[in-house]
Amino acid sequence: MAPNTSKSGKSTPKVSQKLNSVEKIFIKYRRCDSPQTWWIVFGVVCLLTAATRFYKVGEPEHVVWDETHFGKFGSWYINRTFFFDVHPPLGKMLIGAFGYLTGYDGMFPFVKPGDSYEGVSYLGMRVCCTAMGACLVPFAFIIVWEMTFSLPAATLAASLILFDVGLLTLTQYILLDPILLFFIMGSVVGIVKFHAQREKPFSISWWAWLCFTGSMLSGSVSTKFVGLFVVIYVGLHTIKSLWDLYGDLNNSLTYVAKHFLARALGLIVLPVVLYFVYFYIHLTVLCKSGNGDGFYSSAFQSQLEGNSLYNASMPLELAYGAEISLKNARTGGGYLHSHIHLYPEGSGARQQQITTYSHKDFNNKWLVKKWNEEPGDWEDDDPVELVKNGDLIRLEHVPTGRNLHSHREPSPVTKRHHQVTGYGENGMGDVNDVWRVEVVNGEEEEVVKTVVHKLRFVHYLVGCALMSHNKQLPKGALNKWKSLVTQMCMTLTTCGI
């Protein structure tokens, strides 16, 4: 065979055979004609992931960053102590479960970053987060492979996550982020694998990946509400696939309806059911009183062991002469509160501040009196008279002797509302102290019940109802919430004669 020649007639190096052999190897790798090649590459990716993620996972041996929060939450699950948090419970429950299974007793306080873990079995909680964070790398590999069927592309995608030092660091500590990312990436894995089963509808694998996607969606939303973004992504993908099925004239409406119902079952019903199951477990486990009690209603607090309302003996019905605490019916609402401080100059009438306060305190106590009762009118041996729906009453602040009062002065912050103050001395005041008590959805002259009833207090002269507002007073008001006069419900918490 004659050597290769150029246009000038000169011979060129014989490199074509070598290039062809390298090219064949690359093409074989790119197309991944051999399942063995795929598994070798995937196995190497997984080994590198484990080596990088679990390397020195126990270091540093002290509290790092937000481990103060999420480690503490895990401790509370182990101790079954109720707490309030802005995030749904699943991620924190997993941290607590891994800690419990690896011997952690839940006694470490997690006060601040830098506190030593000496003698504490903290490693299980870190391993939980690290293991779930490690899954992100193979998840990325699978997602890109299913979308491109290109082994180099899948390897590159996995490598970008594998060698991301920031992400690696984030997944080595007791945080919600690796757990959230696990469920988000798992949701995407599920939907792309489900899409790959489109030629085998209603098969076992088709149903399996559909349910896998639904469970991952539930996990993402049950860890942090930001997981709703992946729900939107999966929802848009589902709408597109259903539209394609509907647009195919070979498919009957019955067939399309079956697909719609199947997706509704796997991607709506299943995640919602799991979401409620996680909260059921959360509320079942956390059965003891903790620092989050005050954010919830008195009826809820009465179910928590150790709470002052748990199995407490108190009158069922409210009577005149009772000392009560009033709590806003909203979740997170505070107790009606006052103290000796006055509103500052320029903030309406310079009278005693009325605020709300989220913690139990003696300054939350109020005495229920008849609207026309004078000091000394009531004697200990007088017959008990019950408060009824529609009664006119006065509420006297027990520690200071000032009455709950309102007038047509604008409130300090939101000028469209009326100011609420404490007014008078030793229970004496004026007609602006009179309030009509209303049982929400109650019958006429129905006796007011403690804990059970939600109440509305309507000012007799102004005609507006007492409410609390989430706007805080200026610095002079001790950063407590102000009380205003407009539409809102309050609920009775305790009552004693």
Scan (1) under 28 Å from the mean Cα position of the chain (by Cα); (2) not in a helix (DSSP H, G or I) for the single condition residue 119 breaks and write down its number. (1)
First in the stretch 91-107 and in the same structural domain as residue 119 (by TED's automatic domain parsing), second anywhere and crowded, with 21+ Cβ neighbours inside 10 Å and assigned to a loop (DSSP other than H, G, I, E, B), Cβ under 8 Å, 6 or more apart: 91/176; 92/176; 95/174; 99/122; 104/122
Among the residues of the stretch 137-182, write down those that are in contact with a His (Cβ under 9 Å, 6 or more places away or on another chain) and of a type in the set (Asp, Glu). 146
Go through the residues of the stretch 144-160 one by one and say whether even a single one is within 27 Å of residue 275 (Cβ to Cβ), among the small types (Gly, Ala, Ser) and in the same structural domain as residue 182 (by TED's automatic domain parsing). no
Of the conditions (1) surrounded by fewer than 21 Cβ atoms within 10 Å (Cβ to Cβ); (2) modelled with pLDDT under 90, residue 446 satisfies every one except a single condition; which number is it? (2)
Give the residue that is farthest from residue 367 (Cα to Cα), with candidates limited to residues of the stretch 296-313 that are buried (at least 17 other Cβ atoms within 10 Å of the Cβ) and among the hydrophobic types (A, V, I, L, M, F, W, C). 304
Pick from the stretch 320-336, criterion within 16 Å of residue 457 (Cα to Cα) and assigned to a strand (DSSP E or B), ranking: farthest from the chain's Cα centre (by Cα): 324
Give me the pairs, please: first residue somewhere in the stretch 241-257 and within 13 Å of residue 202 (Cβ to Cβ) and without any contact (Cβ under 8 Å) to a residue 40 or more places away in the chain, second residue anywhere and polar (S, T, N, Q) and surrounded by 11 or more Cβ atoms within 10 Å (Cβ to Cβ), beta-carbon distance under 6 Å, and either six or more positions apart or on two chains. 245/251
Selection from the stretch 233-280 of residues aliphatic (A, V, I, L, M) and either over 30 Å from residue 96 (Cα atoms) or touching an Asp or Glu at 6+ places or on another chain (Cβ under 6 Å) (or both) yields 236, 239, 242, 245, 249, 253, 256, 257, 261, 262, 264, 265
Checking the conditions here, which among 233, 246, 255, 278 is of a type outside the set (A, V, I, L, M, F, W, C) and within 30 Å of residue 360 (Cβ to Cβ)? 278
Residue set 73, 141; condition within 22 Å of residue 281 (Cβ to Cβ), part of a helix (DSSP H, G or I) and either modelled with pLDDT of 95 or more or touching an Asp or Glu at 6+ places or on another chain (Cβ under 7 Å) (or both); output residue 73
More than 30 Å from residue 234 (Cβ to Cβ), buried (at least 16 other Cβ atoms within 10 Å of the Cβ), touching a strand residue (DSSP E or B) at 6+ places or on another chain (Cβ under 7 Å) and not basic (Lys, Arg), is that true of residue 316? no
Report, by residue number, each residue of the stretch 358-381 that is under 15 Å from residue 322 (Cβ atoms), part of a loop (DSSP other than H, G, I, E, B) and in contact (Cβ under 8 Å) with a residue 12 or more places away in the chain. 365, 373, 378
Is it the case, given these coordinates, that residue 132 is in the same structural domain as residue 47 (by TED's automatic domain parsing), touching a Pro at 6+ places or on another chain (Cβ under 7 Å) and part of a helix (DSSP H, G or I)? yes
With respect to residue 355, determine if the residue is part of a strand (DSSP E or B) and modelled with pLDDT under 90. yes
Only one of (1) within 39 Å of the chain's Cα centre (by Cα); (2) farther than 23 Å from residue 316 by Cβ; (3) outside any strand (DSSP E or B); (4) at pLDDT 90 or above is not met by residue 401, so which one is it? (1)
Only one residue in 325, 347, 358 is surrounded by 18 or more Cβ atoms within 10 Å (Cβ to Cβ) and in contact with a helix residue (DSSP H, G or I) (Cβ under 6 Å, 6 or more places away or on another chain), so which one is that? 325
Select the helices (runs of 4 or more DSSP H) contained entirely in the stretch 190-265, then report the ones holding at least 1 residues which are modelled with pLDDT of 95 or more and closer than 21 Å to residue 136 by Cα. 204-223, 228-247
Quickly run through the stretch 440-459 and pick out the residues that are over 18 Å from residue 335 (Cα atoms), in a strand (DSSP E or B) and free of Cβ contacts under 8 Å to residues at least 60 places away in the same chain. 459
Mind checking which residues of the stretch 42-55 are surrounded by 18 or more Cβ atoms within 10 Å (Cβ to Cβ) and over 35 Å from the mean Cα position of the chain (by Cα)? 42
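The values are calculated or read from the model by the stated rules, or taken from the named source; none is laboratory data. None of the values given here were measured: they were computed from a predicted structure. Heads up, the Cβs are rebuilt from the backbone with ideal geometry, glycines too, and the neighbour counts pull from every protein chain shown.
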